[in-house]
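The structure under discussion appears below in the form of structure tokens.
The values are calculated or read from the model by the stated rules, or taken from the named source; none is laboratory data. Keep in mind that what you see is a predicted model, and the values were worked out from it rather than measured. Every residue, glycine among them, receives a Cβ derived from its backbone with ideal geometry; neighbour counts consider all protein chains shown.
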Amino acid sequence: MVKNVKMNEYGISLNILGLRGLQSPGMLPVKKAFLVFNIKSMVPPQLGNSLENIKTEPKMAGSDPTLNTLIEFNAPLPVETLFCPRLAVTAHDSIAMGVNQPIIGNFVIPVGDLMLELIAEREKETHEIDVVV
């Protein structure tokens, strides 16, 4: 068990455009797909109780739905690179007006790696000196 990990509050903004090439695990085609963002997967269990998972609304039917959704949230994330989190996301299908919602896919977003790249870019920008000749 890891203790005393330094955490900072970060604002996270995700622009979800759509899903492509979805395949149903059953015999029926994909009806109305949506995503569930497991925000709790990025933080230690003791901090996860104060966070809620976020899901998009099932809008368009078919295997290539356009979601066009902006998701913004704040989350406490570890500062050390060793503990960089990943955001787990599952794609679900909404069948029979949402009564059945099977998982049709999953993926992860390397939020910690992206956060570190952004920090490195900002540090590089502050250390660069423009010389005009």
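Evaluate the following for Asn4: is it farther than 30 Å from Ala120 by Cα and at pLDDT below 85? No, not satisfied. Taking the numbered list (1) assigned to a strand (DSSP E or B); (2) closer than 15 Å to Val111 by Cβ in turn, Thr69 passes all entries but (2). Among the residues of the range 37-47, those that are under 21 Å from Leu114 (Cα atoms) and outside any loop (DSSP other than H, G, I, E, B) comprise Phe37, Asn38, Ile39, Lys40, Ser41, Met42. Could you tell me which residue of the range 104-133 is surrounded by the most Cβ atoms within 10 Å (Cβ to Cβ), considering only residues that are more than 22 Å from Glu9 (Cβ to Cβ) and modelled with pLDDT of 80 or more? The selected residue is Ile104.
With respect to Glu52, is the statement that it is within 28 Å of Ile119 (Cβ to Cβ), acidic (Asp, Glu), touching a residue at least 40 places away in the same chain (Cβ under 8 Å) and surrounded by fewer than 16 Cβ atoms within 10 Å (Cβ to Cβ) true? It is false that Glu52 is within 28 Å of Ile119 (Cβ to Cβ), acidic (Asp, Glu), touching a residue at least 40 places away in the same chain (Cβ under 8 Å) and surrounded by fewer than 16 Cβ atoms within 10 Å (Cβ to Cβ). The residues of the range 87-118 that are farther than 20 Å from Gly18 by Cβ and touching a Ser or Thr at 6+ places or on another chain (Cβ under 7 Å) amount to a single one, Leu116. Look at the range 74-99: where a residue is closer than 20 Å to Phe34 by Cβ, no partner that is part of a loop (DSSP other than H, G, I, E, B) and among the aromatic types (Phe, Trp, Tyr) sits 6+ places away or on another chain with Cβ atoms under 7 Å.
Do we find a residue being surrounded by 13 or more Cβ atoms within 10 Å (Cβ to Cβ), hydrophobic (A, V, I, L, M, F, W, C) and at pLDDT below 85 anywhere in the range 64-71? Within the range 64-71, not a single residue is surrounded by 13 or more Cβ atoms within 10 Å (Cβ to Cβ), hydrophobic (A, V, I, L, M, F, W, C) and at pLDDT below 85.
Screening the range 72-94 for residues that are in a strand (DSSP E or B) and farther than 18 Å from Asn106 by Cα and picking the one that is modelled with the highest pLDDT gives Glu72. Tallying residues that are within 30 Å of Leu118 (Cβ to Cβ), out of contact with any Leu (no Cβ under 6 Å at 6 or more places or on another chain) and in a strand (DSSP E or B) within the range 7-36 yields 11.
Glu57 versus (1) exposed (fewer than 12 other Cβ atoms within 10 Å of the Cβ); (2) more than 17 Å from the chain's Cα centre (by Cα): which is the lone unmet condition? (2) is the only condition that Glu57 fails.
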